[in-house]
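Participant: Sending over a structure as structure tokens; questions will come in a sec.
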Amino acid sequence: MQVRDFDPATADGDAFTDWLAVLNEMTEADMPGEPRWCDDRLGDYLSVTMPDEARVAWSAYDDDGAIAGHANLLLFGGDFAHTGVFEIFVRPSARGLGVGRALLTELAKHAAADGRQTISTEVIATTPAVGFYERLGFSRAVVEWRSLLPMSNVDWSRTSLQARQVSAPYRLEYHRGGLPDGLHERYAATKANLRTAGPQASEWRGSSDAVRLRDSLATLRGRGLRTHLVVAVHEKTEQVAGLTELVVAAQRPTRGDQYDTVVAPAHRSYGLALAMKARMLTELRSAEPQLRDVQTWTALENSPLEHVNAQLGFEQDVHWYEYEATVSDLLDSLR
Ligand SMILES: CC(C)(COP(=O)(O)OP(=O)(O)OC[C@H]1O[C@@H](n2cnc3c(N)ncnc32)[C@H](O)[C@@H]1OP(=O)(O)O)[C@@H](O)C(=O)NCCC(=O)NCCS
């Protein structure tokens with residue numbers, strides 16, 4: 001078996017076909033209910049990053065030259081320059097042969113050489129990846145519920161009503177692909193109320209200042225991820241009272257990823273979260289007609305959003321773990 005660098009900027013069509021085959025065989029084996037991946041803008045998805053980030057990737061090949069698995073490591077910048085997030089996928093037919101270990105070794109060495117202290121990854125609790133990361137000494141840093149809402153289960157008359165139930169001092173605005181000029185600063189100020197944890201798209205991490213927010217939105221566009229934003233504006237002050245963000249990837253267009261929803265403290269208890277998320281669903285119905293479901297994540301207990309999600313029809317379905325390791329410890333355990 002051989003592990004080679006994978007550079008999406010120079011990779012050819014066959015390399016992307018191989019990359020995709022691993023993802024879809026893995027999905028079929030480990031999480032058959034999850035949507036399959038397609039090759040639409042896969043190169044952009046794997047190569048575009050925030051200006052201060054870098055993604056490195058590797059492919060593993062068996063002795064006959066067939067792809068056995070792949071891995072990628074995203075190296076954050078700025079406040080997160082001590083860490084990185086990674087993914088490893090091994091074809092079901094190539095498992096138990098040391099491919100995952102070889103890919104992890106390669107990426108841990110790269111992380112160490114790049115000065116990273118820790119690395120982490122997201123894992124669905126029902127998959128074999130749990131045993132792998134536990135075996136290699138990772139610790140569970142975050143556990144969250146993943147909730148799913150199939151679009152076919154949405155009660156559209158109730159949801160439309162919820163979307164219109166906005167108290168008098170507020171109005172909702174829907175923006176697709178980005179924000180109008182002048183809104184970024186006010187949006188970022190409200191976003192600063194949120195401590196981002198869990199499986200958020202890396203682009204959203206720290207997007208609580210206007211410059212970073214613009215970069216985030218451009219990066220998402222560059223990767224083929226379509227953003228949908230609903231903003232609650234306080235009409236008297238024109239401040240952003242709340243926001244909710246959803247992304248649909250060209251590479252998995254039947255699935256919506258509902259990321260952050262936040263209401264600024266002064267504007268809580270007015271029902272804005274429910275109204276914004278309901279409005280989001282009504283907009284998606286026409287903007288993304290191919291969408292089959294929306295997923296979102298909440299804390300295990302006492303998440304105020306859980307109640308809102310339940311009112312919209314979301315159902316908790318599986319735990320998601322964030323596994324983390326100190327790079328030096330990991331290299332020791334891989335030796
Ligand atoms: C997790 C995964 C990468 C493991 O790949 P693999 O090539 O089969 O793993 P390896 O053969 O290199 O195994 C390395 C070690 O982990 C152990 N291991 C692997 N899978 C395991 C499991 N499910 N339970 C317990 N131990 C496991 C192996 O026994 C081996 O231990 P050893 O080296 O001490 O003998 C693979 O199952 C996979 O691709 N899963 C789906 C991908 C996924 O869900 N990724 C999540 C996002 S990163």
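The values are calculated or read from the model by the stated rules, or taken from the named source; none is laboratory data. Note that the structure is predicted; figures quoted are calculated from it, not measured. Cβ: placed from backbone, ideal geometry, glycine included. Neighbour counts: every protein chain shown. For the accessible areas, the whole protein counts, side chains as well, though only heavy atoms, and no ligand, DNA or RNA atoms are used. Shrake-Rupley method; radii C 1.70, N 1.55, O 1.52, S 1.80 Å.
Participant: Scan the strands (runs of 3 or more DSSP E) fully inside the range 1-96 and keep the ones with 1 or more residues being touching a Gly at 6+ places or on another chain (Cβ under 8 Å) and open to solvent by less than 30 Å² (accessible area, probe 1.4 Å). Let's see the steps before the verdict.
Facilitator: Details: elements: 2-5, 54-61, 67-75, 83-90.
Ranges flagged: 54-61, 67-75, 83-90.
Participant: If a residue has to be open to solvent by 10 Å² or more (accessible area, probe 1.4 Å), within 24 Å of LEU20 (Cα to Cα) and in contact with a Lys or Arg (Cβ under 7 Å, 6 or more places away or on another chain) to count, how many in the range 251-263 make the cut?
Facilitator: Matching residues across the range 251-263 total 1.
Participant: Out of ALA266, ALA273, ALA232, ALA241, I need the residue that is of a type in the set (Gly, Ala, Ser), in contact (Cβ under 8 Å) with a residue 24 or more places away in the chain, under 16 Å from LYS191 (Cα atoms) and open to solvent by 40 Å² or more (accessible area, probe 1.4 Å). Which one? Working first, answer last.
Facilitator: Numbers: ALA273 fails: open to solvent by 40 Å² or more (accessible area, probe 1.4 Å); ALA232 fails: open to solvent by 40 Å² or more (accessible area, probe 1.4 Å); ALA241 fails: open to solvent by 40 Å² or more (accessible area, probe 1.4 Å).
Step by step, each of ALA266, ALA273, ALA232, ALA241 is checked, and only ALA266 is of a type in the set (Gly, Ala, Ser), in contact (Cβ under 8 Å) with a residue 24 or more places away in the chain, under 16 Å from LYS191 (Cα atoms) and open to solvent by 40 Å² or more (accessible area, probe 1.4 Å).
Participant: Can you tell me which residue in the range 205-224 is most open to solvent (accessible area, probe 1.4 Å), limited to those that are among the aliphatic types (A, V, I, L, M) and modelled with pLDDT under 95?
Facilitator: First pass over the range 205-224, keeping only residues among the aliphatic types (A, V, I, L, M): 210-211, 213, 217-218, 220.
From what is left, the residues that are modelled with pLDDT under 95 are 210-211, 213.
Numbers: ALA210: 16, VAL211: 100, LEU213: 1 Å².
Among those that are among the aliphatic types (A, V, I, L, M) and modelled with pLDDT under 95, it is VAL211.
Participant: Here's a follow-up. Within the range 186-204, work out how many residues are modelled with pLDDT under 95, open to solvent by 20 Å² or more (accessible area, probe 1.4 Å) and not aliphatic (A, V, I, L, M).
Facilitator: Of all residues in the range 186-204, those modelled with pLDDT under 95 come to 188-204.
With open to solvent by 20 Å² or more (accessible area, probe 1.4 Å) added as a condition, the list becomes 189, 192-197, 200.
Among the residues that remain, those that are also not aliphatic (A, V, I, L, M) are: 193, 195-196, 200.
Here the count works out to 4.
Participant: Name the pairs whose Cβ atoms lie under 9 Å apart, with the first residue in the range 56-71 and over 13 Å from LEU103 (Cα atoms), the second within 13 Å of the ligand (Cβ to nearest atom) and open to solvent by less than 40 Å² (accessible area, probe 1.4 Å), and 6 or more positions between them or separate chains?
Facilitator: ALA66/ALA94
Participant: Hey, can you tell me all the residues within the range 1-27 that are without any contact (Cβ under 8 Å) to a residue 12 or more places away in the chain and among the acidic types (Asp, Glu)?
Facilitator: If we filter the range 1-27 for residues that are without any contact (Cβ under 8 Å) to a residue 12 or more places away in the chain, which is where we start, we get 10, 12-14, 27.
Correct list: ASP12, ASP14.
Participant: When only residues in the range 295-309 that are hydrophobic (A, V, I, L, M, F, W, C) and more than 16 Å from THR244 (Cβ to Cβ) count, which is most open to solvent (accessible area, probe 1.4 Å)?
Facilitator: Within the range 295-309, the subset hydrophobic (A, V, I, L, M, F, W, C) is 297, 299-300, 305, 308.
Of the ones still in play, those that are also more than 16 Å from THR244 (Cβ to Cβ) are 299-300.
On the way: ALA299: 49, LEU300: 76 Å².
Restricting to residues being hydrophobic (A, V, I, L, M, F, W, C) and more than 16 Å from THR244 (Cβ to Cβ), the top hit is LEU300.
Participant: Open to solvent by less than 20 Å² (accessible area, probe 1.4 Å) and not small (Gly, Ala, Ser): does that describe LEU103?
Facilitator: Numbers: open to solvent by less than 20 Å² (accessible area, probe 1.4 Å): yes; not small (Gly, Ala, Ser): yes.
Yes; evaluated as a whole, the condition is true for this residue.
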